[in-house]
Amino acid sequence: MQQREEIIGFEYGGFGYRCRVVHHESPSVEPILIVGGVFQDVHSWRYHEPALTAAATLIVLEPPGLGSSDPLPPEYGLDFLADAVEHAVDRLGHPALNVVGLSYGAMIVHRLAQRSPGRLARLALCGAAAEVPAGPLADLADGLAVIERGEVARFAEWAVDLLSPVHHWAADRRTRHVSHLVRTQLAASDEQSVLRIIQNCRRTRINPLIVDAPTPDIPVLVFNGAHDAVAPPDSGRRLAETYRHGRFVAVGGTDHFMPLQRPRAFTEILDRHFHDQPVTDLPYLTHPASTSTG
């Protein structure tokens with residue numbers, strides 16, 4: 001059965017942004033809200049949609065500065081972005097949501113959970129960490145310099161090498177295909193997309209990615225690629241431990257592009273989490289799973 005979908009626009013603080021909603025007529029769980037990373041938009045999850053919409057309405061949000069939303073100057077940090085997400089949630093009118101944040105989007109919704117915990121039924125953070133390792137953060141200056149010179153194709157190479165470096169485990173066809181796909185899409189970025197990338201790189205350098213603040217008493221899952229160099233498993237585990245009911249798992253044979261490298265694993269983990277089912281027994285997980293007991 002074809003599901004009804006719509007694009008809804010918002011405005012917050014003078015900046016326009018939007019979401020895409022795929023409606024489920026008889027959902028069994030709360031709507032799923034996805035906030036993706038710097039290189040994603042409202043159409044980035046179409047491959048995952050059949051699984052994500054099997055039991056819920058799906059909302060994919062582009063906050064200001066992400067996707068095709070208005071560019072956002074770098075001095076606007078996570079507090080503004082979390083408030084923009086909350087404004088959209090208010091407009092949509094759902095009392096509670098299952099919220100998914102990926103990469104930079106994970107940092108946004110983590111801050112949303114700290115500031116407005118009543119908005120969330122459950123939270124899932126993918127490619128998230130308690131802190132950004134010093135190496136990738138230092139490398140960001142190099143990537144920023146490249147794209148500021150207008151060398152978009154070279155920046156695309158740099159970004160993929162940073163987020164999905166070639167390792168001995170990455171010889172499978174899908175991993176190579178995902179890297180090629182992301183590299184090609186980034187290299188084709190138009191002028192507005194390049195501006196957003198520059199602003200987001202600067203935003204990451206001048207604003208904190210993690211704020212030390214109380215976290216809500218809700219079910220939280222942090223799940224990263226086992227080989228993620230930007231959000232390493234040990235750091236993801238520490239982030240999960242900041243939540244009383246936080247859990248952490250790592251997906252074997254993947255890195256920061258895990259949702260694309262193992263899409264079925266990505267959607268299965270989310271489905272189990274949002275239905276309050278165990279996730280630690282899945283066969284593709286590696287690293288000892290952890291559960292915070294507060």
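Scanning segment 129-149 for residues that are part of a helix (DSSP H, G or I), exposed (fewer than 14 other Cβ atoms within 10 Å of the Cβ) and not aliphatic (A, V, I, L, M) gives GLY135, ASP142. Yes or no: segment 175-185 includes at least one residue that is of a type outside the set (Lys, Arg) and closer than 22 Å to VAL132 by Cα. Within segment 175-185, one or more residues are of a type outside the set (Lys, Arg) and closer than 22 Å to VAL132 by Cα. Residue check: GLY77 meets all listed conditions (1) within 17 Å of the chain's Cα centre (by Cα); (2) under 14 Å from LEU33 (Cα atoms); (3) of a type outside the set (Phe, Trp, Tyr) but one, namely (2). Might you check whether a residue that is in the same structural domain as SER69 (by TED's automatic domain parsing) and small (Gly, Ala, Ser) occurs anywhere in segment 189-203? Scanning segment 189-203, I find no residue that is in the same structural domain as SER69 (by TED's automatic domain parsing) and small (Gly, Ala, Ser), so the answer is no.
Per the conditions (1) in contact with a Gly (Cβ under 7 Å, 6 or more places away or on another chain); (2) farther than 27 Å from ALA240 by Cβ, the sole criterion not satisfied by ARG20 is (1). The test for being part of a loop (DSSP other than H, G, I, E, B), surrounded by fewer than 17 Cβ atoms within 10 Å (Cβ to Cβ) and charged (D, E, K, R) holds for ASP41. Considered as a group, the residues in segment 246-284 that are of a type in the set (Lys, Arg) and in contact (Cβ under 8 Å) with a residue 12 or more places away in the chain include one that is surrounded by the fewest Cβ atoms within 10 Å (Cβ to Cβ), and that residue is ARG264. Of all residues in segment 165-206, those that are polar (S, T, N, Q), surrounded by 14 or more Cβ atoms within 10 Å (Cβ to Cβ) and more than 15 Å from VAL38 (Cα to Cα) total 2. From the list PRO71, PRO117, the lone residue that is of a type outside the set (Ser, Thr, Tyr), in the same structural domain as ILE218 (by TED's automatic domain parsing) and at pLDDT below 95 is PRO117.
Being over 10 Å from ARG196 (Cα atoms), among the charged types (D, E, K, R) and in contact with a strand residue (DSSP E or B) (Cβ under 9 Å, 6 or more places away or on another chain) is the filter here; which residues of segment 60-76 pass it?
GLU62
Residue-wise test of (1) assigned to a helix (DSSP H, G or I); (2) under 19 Å from the mean Cα position of the chain (by Cα); (3) closer than 21 Å to VAL29 by Cβ; (4) at pLDDT below 95.
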{"residue": "PRO208", "(1), (2), (3), (4)": "no, yes, no, yes"}
{"residue": "VAL211", "(1), (2), (3), (4)": "no, yes, no, yes"}
{"residue": "GLY236", "(1), (2), (3), (4)": "yes, yes, no, no"}
{"residue": "VAL249", "(1), (2), (3), (4)": "no, yes, yes, no"}
{"residue": "GLU268", "(1), (2), (3), (4)": "yes, yes, yes, no"}
{"residue": "ARG272", "(1), (2), (3), (4)": "yes, yes, yes, no"}
{"residue": "ASP281", "(1), (2), (3), (4)": "no, no, yes, yes"}
{"residue": "HIS287", "(1), (2), (3), (4)": "no, no, no, yes"}
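The values are calculated or read from the model by the stated rules, or taken from the named source; none is laboratory data. These numbers were taken from a predicted model, which means no experiment stands behind them. Glycine gets a Cβ as well: all are built from the backbone with ideal geometry, and neighbour counts include every protein chain shown.
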